[in-house]
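The values are calculated or read from the model by the stated rules, or taken from the named source; none is laboratory data. All figures in this text were calculated on a predicted structure; none of them were measured in a lab. For neighbour counting, all protein chains shown are included, and Cβ atoms are generated from backbone atoms with ideal geometry for every residue, glycine included. These area figures cover heavy atoms from the full protein model, side chains too; ligands, DNA and RNA do not enter into them. Shrake-Rupley method; radii C 1.70, N 1.55, O 1.52, S 1.80 Å.
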Amino acid sequence: MSERPNGRNGGRRSVWRRTVTAAPATETPAAAPEPAEPAEPASVVQAALYRDGVRVSAPATLAETFRELRDQSSGMAWIGLARPTADELLSLAAEFDLHPLAVEDAMEAHQRPKLERYGDTLFVVLRAARYLDAPEEVDFGELHVFVGPDFVITVRHGAAPDLSAVRRRMEDSSELLKLGPEAVLYAILDAVVDGYAPVVSGVQNDIDEIETEVFRGDPEVSRRIYELSREMVEFQRATRPLVGMLHGLMAGFAKYETDEELQRYLRDVADHVTHTSERVDGFRQALTEILTVNATLVTQQQNAEMRALAEAGFEQNEEVKKISSWAAILFAPTLVGTIYGMNFRHMPELHWVLGYPFAIALMGVVCTSLYIIFKRRDWL
C-alpha cells in the first residue's frame, strides 16, 4: 500500500467524514484536543507511533495520537482498542477516513471472519479462540483490524487474542515492523492462527476422553458430545473463512507490491490455517461418528434392559402359575371338608358308613386330577 499524497487523507473527505464533521457534537479532525475526551480510558489499550520500525512515542489519548501523527512527515500509528465506545470509533472514522460500513461492523461486533478493501484501507474481521482448561471449553473472541497506509487500528471484543504480545514481538523485530502496517496485519494474523494450536490440542484431548466415556457407559457423555460439537461448529466458522481470506491477500501481492519476505510469512500463516481448518473438520466428523456409536450403545443397553425385564416378568409369571396351581389343589379338599363339616341335621350321607372314606377319596381324586392337569400344562 502506497502512502497518499498531501498527508494521510490526501486532502479529500469521504461522505462518512463529511457527515461526522457536520454533526455539531463531534470534534473535527483539525480541532485541538479537548480536556474532556468522550472516550473511556480503559477502551484505549495502547496507542503508539512508529518510525522506521522504532517506537517514537506513546500518546495517552486518541486526540494526542492524531495530533502527533499529523505533525510527522512519515511514520505509522498503531492504536489498540478494547470494546470502544461509539464516540471513539466515530473520531477514528473521521481522522482516518474509515468507511461507514466497516465502522458499523466494528460497533456491532458479532461479525463473520472476512476481509474487505475500502479504497486503500483494509478491514479484517478475525475470530480468535482460546481453550479454557478448568471448564474444558473453547472461548471465542472477535477482533476487527483497520489497516491503512500509515495506521493500524485494532478493535477487540473478547479476551482473545493477546495483542500486547504481538506488539512486543513486532517492537523486538524492527526490520519486520519497518515494513509497515501490512507487517502488523501479518503479526496479528499469525498470533490468531497460533492461538488455535492449544485449542486443537485441548479438543483432541476432550475427544479422547469422550471415547473412553462412551464405551464406559457414562450417562452424561451425550451432553458433552453435543456441547463440543457446537463448539466445533463455531471453530469451523472461525477458521474456514481464513483460508479464503489469506489466499485473497496472496493474490494481491503483485498488485500492491508486497514485500517478498512478508509474502513468505503470509504463505506460512496460510499453511498453518489450512492445517487447522482440516483438523477442525476432522474433529467435527469424529464427533458425529462418536455420537452415532454412543446412540448404538445406548440402544443396545436399552434392549438388554428390556430383555432382562421381560425375562424377569416371565419368571414371575411362572411363579404365579405355581402358586395358583397349588392354591387350586389345596382349595379342593378345603371345599369338600367345609361342606361335610357343616352341622346340618339332614346332611346327605351323614350316617353313611362309607361317608368318611368317600370324602377322603374325593379329596384325593380332585387334588390328583388338578396336579396332573397343571403338570401337563407346565404350571408345576
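Cross-link reach is defined here as a Cα-Cα straight distance under 15 Å, omitting same-chain residues fewer than 8 places apart; for K322 the aspartates and glutamates meeting it are D378. The residues packed around L179, meaning those with a beta-carbon under 10 Å from its beta-carbon, carry a net charge of -3 if Lys and Arg are +1 and Asp and Glu are -1.
How much of the accessible area of the stretch 215-312, probe 1.4 Å, is carbon plus sulfur, in whole percent? Exposed carbon and sulfur together represent 53 percent of the surface. For K255, the aspartates and glutamates whose Cα falls under 19 Å of its own Cα, not counting residues fewer than eight places away in the same chain, are E3, E116, D120, D150, E182. Share of carbon and sulfur in the accessible area of the stretch 131-192 stands at 43%, probe radius 1.4 Å.
All other residues whose Cβ lies under 14 angstrom from that of R284 are scored, Lys and Arg at +1 and Asp and Glu at -1, for a net of -3.
The packing ranking, built from the mean of other Cβ atoms within 10 Å per residue, places the peptides 106-112, 181-187 in the order 181-187, 106-112, highest first. Cross-link partners for K114 among the aspartates and glutamates, with Cα-Cα distance under 12 Å and sequence neighbours closer than 8 places in the same chain left out: D105, E142. Compared with the alpha-carbon gap, the fully stretched path from E289 to R264 is longer by 5.2 nm at 0.36 nm per residue. Loop-resident trypsin sites (Lys or Arg not before Pro) (DSSP state other than H, G, I, E or B) in the stretch 139-172 with no more than 15 further Cβ atoms inside 10 Å of their Cβ are absent. Taking a ≥ b ≥ c as the square roots of the eigenvalues of the Cα gyration tensor, the stretch 118-264 is classed as prolate, since a/c reaches at least 1.5 and a/b is larger than b/c.
Other residues within the sphere of radius under 14 Å centred on the Cβ of E220, judged by their own Cβ, net out at -3 (K and R +1, D and E -1).
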